[in-house]
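Enquirer: Quick one: the structure is below, and I'll ask about it shortly.
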């Protein structure tokens, strides 16, 4: 399978380093966090394909289940729980956030790799299943009705907690909806839409200007949109840059 960018949230150092070594050996990029604060900090900087998360985190403001709820609200990333606790009560709590898998410690290396591959493939298939035919519009819920949004008039989509804001052509105030960015991304398969970060999807047809650290969109200069370091090269491949001949 493809190389994945995976966040490991584990407070036991030996287990964390073992996981990291297994993932590196399998060709994946692994990032470590030992508590909820470090995990959210990394999640704000990187766009992860999958999260491995211990449920019971010592010296942490939030447990793994709370973290998974936040991760999935932001971008729908698949979360695999790792735990030494097999009791029904913990399992029932974990089920509420719909994890991609639930692995009991100690685990076998091959079991972990199989669960990671299945979780990622199932997440990708789910996105394909919800993607509509090549339609020029989507309909978003607004109280007791649905509002038509033309894809060609979407300038930018910005994630903000459990909400996303649609910035539209000719409309100053954004349209707000309760859903995650990855869910919406499945409906925007046109090549002009680009997932810049975990917070933003851009319609490249409305890109006004950019520099080394940020971009600016037409009609909404008030937006502060940073270019993640990990996406700079990919972003530059999406635009045609002319340099002054020497």
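Each reported figure results from applying straightforward, stated rules to the coordinates on display, with no laboratory input. Bear in mind that the values here come from a model prediction, so they are computed numbers and not experimental data. Cβ: placed from backbone, ideal geometry, glycine included. Neighbour counts: every protein chain shown.
Enquirer: So in the chain, what percent of DSSP beta bridges are antiparallel if you round to the nearest 5? List each step's numbers first, then the result.
Expert: Values: 27 of 44 bridges.
Roughly 60 percent of the beta bridges in the chain run antiparallel, per DSSP.
Enquirer: Oh, and also: Would you work out if region 76-117 is rounded, prolate or oblate? Take a ≥ b ≥ c from the square roots of the eigenvalues of the alpha-carbon gyration tensor; rounded if a/c is under 1.5, else prolate when a/b is larger than b/c, oblate otherwise. The partial results should precede the final answer.
Expert: Values: a/c = 3.24, a/b = 1.20, b/c = 2.71.
Here region 76-117 falls in the oblate category.
Enquirer: At a Förster radius of 41 Å, what calculated FRET efficiency corresponds to the Cβ-Cβ distance of residue 88 and residue 145, to the nearest 0.05?
Expert: 0.45
Enquirer: How much length is gained if the chain between residue 32 and residue 172 is pulled fully straight, taking 0.36 nm per residue apart and subtracting their Cα-Cα distance, in nm to one decimal? Display every interim value, and only then the final one.
Expert: Values: separation 140, 0.36 × 140 = 50.40 nm, distance 4.04 nm.
Fully extending the segment from residue 32 to residue 172 adds 46.4 nm.
Enquirer: So what is the diffusion coefficient of region 147-246 in µm² per second by Stokes-Einstein at 20 °C and 1.002 mPa s, using a Kirkwood Rh over Cα pairs?
Expert: Working: Rh = 14.2 Å.
Translational D for this selection: 151 µm²/s.
Enquirer: Taking only Cα atoms and a 10 Å spring cutoff, compute GNM fluctuations for the chain and point out the largest among 55, 157, 213.
Expert: Highest fluctuation of the listed residues: 213.
Enquirer: Can you give me the relative contact order of region 137-236 as a percent, contacts being Cα pairs under 8 Å and 6 or more apart?
Expert: Numbers: 157 pairs, mean separation 19.2, N = 100.
For region 137-236, the relative contact order is 19 percent.
Enquirer: Something else about it: For residue 66 and residue 121, compute 0.36 nm times the residue count separating them, minus their Cα-Cα distance, and round to one decimal in nm. Can you show the working numbers first?
Expert: Numbers: separation 55, 0.36 × 55 = 19.80 nm, distance 2.40 nm.
Between residue 66 and residue 121, full extension yields 17.4 nm more.
Enquirer: Of the candidates 221, 99, 174, which one comes out as most mobile in a Gaussian network treatment of the chain with C-alpha springs shorter than 10 Å?
Expert: Greatest mean-square fluctuation among the candidates belongs to 221.
Enquirer: Okay, moving on. Residue 21 versus residue 238, label points 7 Å from Cα toward the beta carbon: distance in nm?
Expert: Going by the 7 Å Cα→Cβ label model, 3.8 nm.
Enquirer: Using only C-alpha positions, report the orientation-averaged shadow area of the convex hull of region 92-189, nm², one decimal.
Expert: Details: hull surface 35.2 nm².
That works out to 8.8 nm², a quarter of the Cα hull's surface.
Enquirer: Another one. Using Cα pairs under 8 angstrom and six or more residues apart, how large is the relative contact order of the chain, in percent? Walk me through the numbers before you get to the answer.
Expert: Numbers: 389 pairs, mean separation 31.8, N = 246.
Taking the mean separation of contacting Cα pairs over the length of the chain, I get 13 percent.
Enquirer: Relative to the longest principal axis of the C-alpha atoms of the chain, give the angle of the C-alpha long axis of helix 109-130, reported between 0 and 90° and rounded to the nearest 10°.
Expert: 30 degrees
Enquirer: Helix 13-25 sits at what angle to the longest principal axis of the chain, using alpha carbons and giving 0 to 90 degrees rounded to 10?
Expert: With both axes taken from Cα atoms, the answer is about 60 degrees.
Enquirer: For region 5-130, just the Cα atoms, rotate onto the principal axes and tell me the three extents in Å, largest first.
Expert: For region 5-130, the Cα spread along each principal axis is 39, 32, 31 Å.
Enquirer: Follow-up question, since we're still on this one. Under 10 Å, Cα contacts only: if you run a Gaussian network model on the chain, which one of 182, 214, 197 comes out with the highest mean-square fluctuation?
Expert: Comparing 182, 214, 197 in the GNM, the peak value goes to 214.
Enquirer: Could I ask something else about it? For the chain, which semi-axes, largest first and in whole Å, follow from the square roots of 5 times the eigenvalues of its Cα gyration tensor? Can you show the working numbers first?
Expert: Working: eigenvalues 237, 95, 54 Å².
Over the Cα atoms of the chain, the semi-axes work out to 34, 22, 16 Å.
Enquirer: By how many nm would the segment from residue 153 to residue 229 lengthen if fully extended, with 0.36 nm per residue of separation less the alpha-carbon distance?
Expert: On the way: separation 76, 0.36 × 76 = 27.36 nm, distance 2.81 nm.
Separation in residues times 0.36 nm, less the Cα-Cα distance, equals 24.6 nm.
Enquirer: Okay, moving on. Within region 149-173, list the residues whose amide N lies under 20 Å from a label point set 7 Å along Cα→Cβ of residue 44.
Expert: So the set is 158-165.
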